[in-house]
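Notes for the one structure printed next.
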Amino acid sequence: MTSPYERDGRRGGERDEDLTTIRVDQFLAHPPAKVWRALTEPELIAEWLMPGDFRLEVGHRYTMTAVPRPNTNFSGTVRAEVLAYETERMLRVRWTDAMGARNAADWTITWTLEPEGRGTRLFLVHEGFDPDDPAQVMAHKLMGGGWRSQVLQALRETLEEL
């Protein structure tokens, strides 16, 4: 199986200058079934990402709440929708900001899980940033760093507690 990076010409966790997409490649020392639980059980999602009313059902719309970020026009409320999933392999969701017209965010987040030894290679592809919108450029920068450090660290901690 090819990784989301190999499919588009990059290897591993290589970063590029694509201001429309964030790509993260992370090894987690936990089996895919355990990682899948953390990605899809609402009480676990609340521990490492944001609280919300997630349900693993294509078409399910839900909200998540976090701290507002005025410099990126983020209201603190994400409106989300489950777009697709393959159990223990892939989850794709759409995120928009509750602010609507004041925030042009219309993003797709895809988590791909690949078994690797006794663990899981987790790929995150966060697409849809507008490189012509200064607030979106700032969001790309902040979220790129946040996904790689804070969020994935919180996910690792949640997995350790399971």
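Scanning the stretch 53-68 for residues that are touching a helix residue (DSSP H, G or I) at 6+ places or on another chain (Cβ under 8 Å) and open to solvent by 40 Å² or more (accessible area, probe 1.4 Å), which turns out nearest to residue 121 (Cα to Cα)? Checked the stretch 53-68; the qualifying residue nearest to residue 121 (Cα to Cα) is 56. Scanning the stretch 69-81 for residues that are touching a Phe, Trp or Tyr at 6+ places or on another chain (Cβ under 9 Å) and either open to solvent by less than 90 Å² (accessible area, probe 1.4 Å) or touching a residue at least 60 places away in the same chain (Cβ under 8 Å) (or both), we see that the one that is farthest from residue 33 (Cα to Cα) is 78. If I filter the stretch 107-119 for residues that are without any contact (Cβ under 8 Å) to a residue 40 or more places away in the chain, more than 20 Å from residue 25 (Cβ to Cβ) and in contact with a Lys or Arg (Cβ under 9 Å, 6 or more places away or on another chain), do I get at least one hit? No, because not a single residue in the stretch 107-119 is without any contact (Cβ under 8 Å) to a residue 40 or more places away in the chain, more than 20 Å from residue 25 (Cβ to Cβ) and in contact with a Lys or Arg (Cβ under 9 Å, 6 or more places away or on another chain). Out of contact with any Ser or Thr (no Cβ under 8 Å at 6 or more places or on another chain), in contact (Cβ under 8 Å) with a residue 24 or more places away in the chain and either in a helix (DSSP H, G or I) or open to solvent by less than 40 Å² (accessible area, probe 1.4 Å) (or both): does that describe residue 152? Yes; evaluated as a whole, the condition is true for this residue. The test for being surrounded by 16 or more Cβ atoms within 10 Å (Cβ to Cβ), within 16 Å of the chain's Cα centre (by Cα) and part of a strand (DSSP E or B) does not hold for residue 158. The residues of the stretch 18-40 that are over 26 Å from residue 140 (Cα atoms) and open to solvent by 40 Å² or more (accessible area, probe 1.4 Å), listed by number, are 29, 31, 33, 34, 37. For the stretch 82-141, the set of residues classified as at pLDDT 95 or above, closer than 17 Å to residue 21 by Cβ and open to solvent by 70 Å² or more (accessible area, probe 1.4 Å) consists of 92, 94, 127, listed by residue number.
The values are calculated or read from the model by the stated rules, or taken from the named source; none is laboratory data. Just so it is clear, the model here is predicted, and its values are computed rather than measured. Cβ sites come from the backbone with ideal geometry, for glycine too, and all protein chains shown count toward neighbours. In case anyone asks, the SASA skips ligands and DNA or RNA and just uses the protein heavy atoms, side chains included. Shrake-Rupley method; radii C 1.70, N 1.55, O 1.52, S 1.80 Å.
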